[in-house]
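**Student:** Submitted below is the structure of interest, expressed as structure tokens.
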Amino acid sequence: MLSGAEREQAYRAISLARALDERMWRLARAGRAHFAVPCSGHEAIGVGYAMAMRPGVDWLAPHYRDLAALIVLGMAPRDVMLCFFSRPSDPNAHGRQPYAHFGSRALHVLSQQGPQPNHCSHGVGCAWGSKLLGDGSVTVIAFGDGGAQKGEAHESMNVAAIHKLPCVFAVHRNGWTQSVKRSDQYATETLVARAEGYGMPGVAVDGSDVEAMHAAASAAFERARAGEGPTLIDAACVRFMPNTSNDDDSRYRDRADLDEQRAARDPLTRARVLVGAEFAVQVDDENAALAAEAAEWAEAQPLGDPATVADHMYA
Ligand SMILES: Cc1ncc(C[n+]2csc(CCOP(=O)(O)OP(=O)(O)O)c2C)c(N)n1
């Protein structure tokens, strides 16, 4: 169970991620930025594992809906908005990757790649490095349930289990792969049973419950640190928004059904119960102001110099 102070930390992060998410969505819709990747509905998952991580020691190979985890690890709202507005001062990728392709050496966040889920093998490589170095660090490797159907995810979990690598696989299982529904992606309800096939424990968690998520992540970390190898966490959640700002989910999702799921499984509403309404309202107001300020500031930062477009590219 989280302490009182930890509950407040968790709430702050979920609320800030939501405030930034909503602001980015509106800005993208208004044509002020080209690409939003919403995290709403996914926030408690990342907050759960990021709060189990030791900052500057453990590593995260993030899912692109992991804004809330990044916030826990120390990414500031202005840095998020620099990424969103693709400014050269963006600490993630200097404005050279679309928004949500997070990466920060300082925060121990591996660079998120476009092709999904390529970062699974990168995360396993990171964990293997930790084992060889004996530095005691653990790597969280997070991806979607669509990504989990790709060879890269299977190979990564297989190798990690064989070598008992210090990592935690966390699937954000929202039941959609863009517009493709769960039953067209895999024939089971959850992905937990797969873990046994790889030779690691699997645990199903309600990913809208930040305390449950933190407990599962903490147990997986303990196992990894003890040299017992990886764990697969299947974290169920609801993707509140379309896949990205390029998607129209009204073409494939039933609005009434989605509204019902959102009402029942909103990580922010659920975390509000842990901290009390008075605290929550105050934090939400603060975060709405922070998100607005960060957006206004980042949009006013200089654009990249076109002459540098080929920098950092292989010849
Ligand atoms: C190899 C590859 N194919 C297709 C895409 C396009 N794409 C971007 S996000 C996405 C949905 C992935 O779904 P999932 O892994 O379940 O994560 P979710 O978006 O649901 O969180 C797809 C198909 C991609 N990025 N990479």
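**Student:** Does Arg194 satisfy being touching a strand residue (DSSP E or B) at 6+ places or on another chain (Cβ under 8 Å), within 16 Å of the ligand (Cβ to nearest atom), assigned to a helix (DSSP H, G or I) and of a type outside the set (A, V, I, L, M, F, W, C)? Don't jump to the end; show me each part of the working.
**Tutor:** Numbers: touching a strand residue (DSSP E or B) at 6+ places or on another chain (Cβ under 8 Å): yes; within 16 Å of the ligand (Cβ to nearest atom): yes; assigned to a helix (DSSP H, G or I): yes; of a type outside the set (A, V, I, L, M, F, W, C): yes.
Answer is yes for this residue.
**Student:** Then there is this: Please indicate, with yes or no, whether at least one residue in the range 90-101 is more than 16 Å from the ligand (Cβ to nearest atom), at pLDDT 95 or above and of a type in the set (A, V, I, L, M, F, W, C).
**Tutor:** Checking the range 90-101: not a single residue is more than 16 Å from the ligand (Cβ to nearest atom), at pLDDT 95 or above and of a type in the set (A, V, I, L, M, F, W, C).
**Student:** Show the residue pairs meeting these rules: Cβ distance below 7 Å; 6+ apart or different chains; first residue within the range 136-147 and within 15 Å of Ser179 (Cβ to Cβ); second residue part of a strand (DSSP E or B) and of a type in the set (Lys, Arg).
**Tutor:** These pairs meet every condition: Asp145/Arg173.
**Student:** Additional query: Just one of (1) surrounded by fewer than 18 Cβ atoms within 10 Å (Cβ to Cβ); (2) among the small types (Gly, Ala, Ser); (3) within 15 Å of the ligand (Cβ to nearest atom) trips up Ala215, so point out which.
**Tutor:** (3)
**Student:** So which helices (runs of 4 or more DSSP H) stay within the range 240-315 end to end and still have 2 or more residues that are modelled with pLDDT of 95 or more and more than 24 Å from the chain's Cα centre (by Cα)? Spell out how you get there, then give the answer.
**Tutor:** Working: elements: 255-264, 267-275, 277-299.
Passing ranges, in order: 255-264, 277-299.
**Student:** If you take the residues in the range 154-170 that are in a loop (DSSP other than H, G, I, E, B) and either crowded, with 23+ Cβ neighbours inside 10 Å or basic (Lys, Arg) (or both), which one is farthest from the ligand (Cβ to nearest atom)?
**Tutor:** Restricting to residues being in a loop (DSSP other than H, G, I, E, B) and either crowded, with 23+ Cβ neighbours inside 10 Å or basic (Lys, Arg) (or both), the top hit is Lys164.
**Student:** Could I ask something else about it? Mind listing whichever residues of the range 171-191 are more than 13 Å from the ligand (Cβ to nearest atom) and of a type in the set (S, T, N, Q)?
**Tutor:** Initial filter on the range 171-191 (more than 13 Å from the ligand (Cβ to nearest atom)): 183, 187-190.
Of everything in the range 171-191, those that are more than 13 Å from the ligand (Cβ to nearest atom) and of a type in the set (S, T, N, Q) turn out to be Ser183, Thr188, Thr190.
**Student:** Looking at Gly136, Gly125, can you tell me which residue is under 24 Å from Gly227 (Cα atoms) and either assigned to a loop (DSSP other than H, G, I, E, B) or of a type in the set (Ser, Thr, Tyr) (or both)?
**Tutor:** Gly136
**Student:** Also, I was wondering about something else. Filter the range 126-148 down to the residues that are hydroxyl-bearing (Ser, Thr, Tyr) and under 23 Å from Tyr64 (Cα atoms), then identify the one that is farthest from the chain's Cα centre (by Cα).
**Tutor:** It comes out as Ser137.
**Student:** Hey, another quick one. Given (1) away from the ligand (no atom under 12 Å from the Cβ); (2) crowded, with 23+ Cβ neighbours inside 10 Å; (3) not in a loop (DSSP other than H, G, I, E, B), where does Ala235 come up short, assuming only one miss?
**Tutor:** Unmet for Ala235, out of (1) away from the ligand (no atom under 12 Å from the Cβ); (2) crowded, with 23+ Cβ neighbours inside 10 Å; (3) not in a loop (DSSP other than H, G, I, E, B): (1).
**Student:** Can you tell me which residue is farthest from the ligand (Cβ to nearest atom) among those in the range 135-148 that are buried (at least 23 other Cβ atoms within 10 Å of the Cβ) and farther than 21 Å from Pro38 by Cα?
**Tutor:** Val138
**Student:** Name, by its number, the condition in (1) within 13 Å of the ligand (Cβ to nearest atom); (2) within 20 Å of the chain's Cα centre (by Cα) that does not hold for Gly151.
**Tutor:** Unmet for Gly151, out of (1) within 13 Å of the ligand (Cβ to nearest atom); (2) within 20 Å of the chain's Cα centre (by Cα): (2).
The values are calculated or read from the model by the stated rules, or taken from the named source; none is laboratory data. Owing to the predicted nature of the structure, the values given are computational and were not obtained by experimental measurement. Every residue, glycine among them, receives a Cβ derived from its backbone with ideal geometry; neighbour counts consider all protein chains shown.
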